[in-house]
Amino acid sequence: MTELPPRNPDVSEKLQILSTEHWSLIAARALTYQESLGRVSMFLGVLSGAVIALALIAQVDLFGTTFIAVAIFMLAVVFFIGVATIRRLQMLNLDDYTWVVGMNRLRHAYLDLHPELEPYFTTSQYDDVVGSLKTLGLSPSSAPLLGSIFHGFITLPGMLGVIVASVGAAIAGLAASGFGASSDVVLLAGVLGFAAVLSVVLYSGRRSYRRYGPSIEPRFPTPKG
């Protein structure tokens, strides 16, 4: 009867500790996604309720001064919730990046203990930006595009930024209309309000993306080449 090789208790304990931490990070990522979707749903719910309420008020006041005053106040509340939601989503993205870095480090520890398992891993064992992007399913060659304005529009903060900018444009147009401005001035105020808010959102998102790399010092960087 073939005898099994002696079992190293130290390796077994290390694997158990690493696995426990790995599952903790997976749970943290799941909670991060849940909060992100919950924040977005809350904002869209408030926005939908505000639009329905303004439609009812418009039927009574026929878009008069009362409607303009109430609309500016309600949309200002929606605008504040939208800005807070975008900022929170950016913070959650940074948290998710942190969890991915932690999982990559644990994967590096797995391979230190059992290097023969490397062919079976599709995610990265390196904790720099390139390694984290690989774990997230993004090609390292596309990394420079991730902080661009084009990529920003397809993220949750970017898409919400367009909606929030539209709310800001509505507030600017209503304010101009309340002061008796002409239709051209109202339109111009709306366009300028939309452009200003969207520019700030995109700038904030790009700044948040640049914090991914410097936020955590890599301990196991991706080998060159």
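Relative to the first principal axis of the alpha-carbon coordinates of the chain, what is the inclination of helix 65-113, with its axis defined by its Cα atoms, in degrees from 0 to 90 and to the nearest 10?
It is inclined by approximately 10 degrees.
Mind ranking 162-170, 35-43 by how tightly packed they are, going by the mean number of other C-beta atoms within 10 angstrom, highest first?
Numbers: 162-170: 21.0, 35-43: 15.3.
Packing proxy ranking, top to bottom: 162-170, 35-43.
If each of residue 10 and residue 24 carries a label point 7 Å out from its Cα toward its Cβ, how far apart are those two points in nm?
Here the answer is 2.3 nm between the modelled labels.
Could you order the peptides 112-123, 12-23, 77-88 from most to least packed, using the average number of other C-beta atoms within 10 Å per residue? Write out the running numbers ahead of the final one.
On the way: 112-123: 9.9, 12-23: 12.5, 77-88: 18.5.
So the order, starting with the most tightly packed, is 77-88, 12-23, 112-123.
Compute the relative contact order of the chain as a whole-number percentage, counting only Cα pairs closer than 8 Å that sit 6 or more residues apart in sequence.
On the way: 201 pairs, mean separation 50.7, N = 225.
That works out to 23 percent.
So between residue 62 and residue 122, what do we pick up on full extension, going 0.36 nm a residue minus the alpha carbon distance? If you can, show how the numbers build up before the last one.
Working: separation 60, 0.36 × 60 = 21.60 nm, distance 6.08 nm.
Stretched out fully, the residue 62 to residue 122 stretch lengthens by 15.5 nm.
Determine the relative contact order of the stretch 1-131: mean sequence separation of Cα pairs under 8 Å and six or more apart, normalised by residue count, in whole percent.
Working: 61 pairs, mean separation 40.0, N = 131.
Relative contact order comes out at 31 percent.
Take the chain, drop everything but the C-alpha atoms, weight them equally and run the Debye formula without solvent; then report log10 I(q)/I(0) at 0.10, 0.11, 0.17 Å⁻¹ to two decimals.
For the chain at q = 0.10, 0.11, 0.17 Å⁻¹, log10 I(q)/I(0) is -0.62, -0.70, -1.17.
At what distance in nm do the modelled label points of residue 200 and residue 162 sit from each other, each positioned 7 Å from its Cα along Cα→Cβ?
2.1 nm
Show 96, 184 ordered by accessible area, largest first, where the area counts protein heavy atoms only and the probe is 1.4 Å.
On the way: 96 20, 184 115 Å².
The ordering from most to least exposed comes out as 184, 96.
Run the quick spin-label model on residue 55 and residue 33: label points 7 Å from Cα toward the beta carbon, then report their separation in nm to one decimal.
3.3 nm
Once both axes come from the Cα atoms, what is the angle between helix 183-210 and the longest principal axis of the chain, in degrees from 0 to 90, rounded to 10?
10 degrees
Helix 9-61 versus the longest principal axis of the chain: what angle, 0 to 90°, nearest 10, using Cα atoms?
For helix 9-61, the angle is close to 10 degrees.
The values are calculated or read from the model by the stated rules, or taken from the named source; none is laboratory data. All figures in this text were calculated on a predicted structure; none of them were measured in a lab. So basically every Cβ, Gly included, is an ideal-geometry build from the backbone, and we count neighbours across all protein chains shown. Each accessible area value is taken on the protein alone, full model and side chains, heavy atoms only, with ligands, DNA and RNA left out. Shrake-Rupley method; radii C 1.70, N 1.55, O 1.52, S 1.80 Å.
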